[in-house]
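Notes follow once the structure below has been shown.
Readers should treat all values here as calculations from the given coordinates under stated rules, not as data from a laboratory. Model, not experiment: these values are computed from the prediction. All Cβ positions, even for glycine, are placed from backbone atoms using ideal geometry, and neighbour counts span all protein chains on display.
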Amino acid sequence: MQGFALWAVGSDRPGMIAGLSGAVASVGGNLSDCSMTILSGQFAMVMIITGPDALDADGIERAVAPAVAALGLTVEVRAIELDRPPEARSVPHVVSVYGADRPGIVHAITAALARAGANVTDLETRVVGAPEAPVYTMMLEVSLPVDVVLDDLRAELEARAEELGVDVSIHAADSDVL
Amino acid sequence: MTVRTVLELPDRSLKTLTRPVGTIGATERRLAADLLETMAVSPACVGLAANQLGVHLRAFCVDVTGHRKADSCHGPFVLFDPVVLEARAPVMMREGCMSVPDLTGDVSRSSEVVVRGTTPEGRQLTVEANAFEARAVLHEIDHLDGFLFLDRVAHAHGVHRRRRYT
């Protein structure tokens, strides 16, 4: 099944989502998975759009053009394939990383996860603290293949974290079914 | 009594494992007084662990008096060498920490705990706490084991910037 990915970035102000979603609806586009956040004051959004067979990426871009201009956004639209292959059996875990900020933290930790076959499904990072002593925090959700030995992965992550002078921990994500 | 500086990330003291205290003497009683005094003068603070003050001993204080989320309330108290005897009924709640002042996090913790420890007078004390007091006790004991709430966050979007209003 074909769909469309629209991603938008711009200096945050009220009316961003209303302007974009209204334009998408005007050409028959239906919003599927969407995510929006504010990163260092920048509005950042990704929309997955489905719609009638006649809908194409150019049509969506034309539809949102007035809103894009009015809101000062940068927008891209691409056709995407929405059918996904079945996922391997995995267990969701949360990885916490924090400490004094320095370049390379994200790469070192995610590279260790990738080597273990863990897929990052969600990531959020923050820089807080005083300007002279910034603190970096990164929270990841990862899908861990069932054959990964957690203690081995934890040791690998801790080794990488020690090199960076940060701390890392990993625990199974809570998933109580009520 | 002395109001001490509460250490903040990335200070390594917060990740240092604390040592058992054992016998309570004048030094430990002074630490207990400093914990209570520092907690009392820190706005919205309901608990402190010794290593937040740079002291690597197993000691913490808690006081949830007047807190709107509290049910059980033992007033201000200090425990040395705390041991969690029972912990049940996990509840997800957003919590903060004096040592991570810019962030809060969604953390699941037991809402009913039984903890035993030694008082500054050297007596064994068993505290049965629930609701917010249970959360505060478990948060402080986590500190003593080198864990911050950041290590317990439930999901990737479970860390939030603390709102500050002027």
Study note, to complete from the structure: Nearest 10, in degrees from 0 to 90: the angle of helix A:16-26 to the longest Cα principal axis of chain A is 50 degrees
Point to revise | Computed [θ] at 222 nm, deg cm²/dmol, the protein assembly as shown (DSSP H ≥ 4; -39,500 (n - 2.57); rounded to nearest 500) | key: -7500 deg cm²/dmol
Review point. In whole Hz, what ³J(HN,Hα) sequence does the stretch B:139-145 give by Karplus (6.51, -1.76, 1.60; θ = phi - 60°), x for Gly and Pro?
Key: 4, 5, 5, 4, 3, 5, 9
Check your understanding: Measuring from a point 7 Å past the Cα of B:Leu85 along Cα-to-C-beta, which residues in the stretch B:113-137 have an amide N at less than 15 Å?
Key -> B:113-119, B:123-130
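Can you give the relative contact order of the stretch A:90-172 as a percent, counting alpha carbon pairs under 8 Å and 6+ residues apart?
47 percent
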Practice item. Take the alpha carbon gyration tensor of the stretch B:34-117, find the square roots of its eigenvalues, order them as a ≥ b ≥ c, and report rounded if a/c is under 1.5; if not, report prolate when a/b exceeds b/c, else oblate. Key: rounded
Revision key, fill the gap. HN-Hα couplings for the stretch A:33-43 via Karplus (6.51, -1.76, 1.60; θ = phi - 60°), in whole Hz with x for Gly/Pro, come out as 5, 9, 9, 9, 8, 10, 10, 6, x, 9, 5
Study note, to complete from the structure: In whole Hz, the Karplus estimates of ³J(HN,Hα) for the stretch A:165-172 (6.51, -1.76, 1.60; θ = phi - 60°; x where Gly or Pro) are x, 10, 10, 9, 9, 9, 8, 5
Revision key, fill the gap. For A:Ala65 and A:Val91, extending 7 Å from Cα along the Cα-Cβ vector and measuring point to point gives, in nm, a value of 5.3 nm
Practice item. Let me know the mean shielding of B:62-69 by other chains, meaning the per-residue number of their Cβ atoms within 10 Å of its Cβ. Key: 0
Revision key, fill the gap. For chain A, the longest principal axis of the Cα atoms and the Cα long axis of helix A:150-164 enclose an angle in degrees, to the nearest 10, of 90 degrees
Exercise for review: Give the calculated FRET efficiency between A:Asp83 and A:Ala18 to the nearest 0.05, with a Förster radius of 30 Å applied to their Cβ-Cβ distance.
Suggested key: 0.45
Practice item. Enumerate by residue number the trypsin sites (Lys or Arg not before Pro) in the stretch A:63-166 meeting two conditions: DSSP loop (anything except H, G, I, E, B), and at most 16 other Cβ atoms within 10 Å of the site's Cβ. Key: A:Arg89
Check your understanding: Let a ≥ b ≥ c be the square roots of the eigenvalues of the Cα gyration tensor of chain A; is it rounded (a/c under 1.5), or, if not, prolate (a/b larger than b/c) or oblate?
Key -> oblate
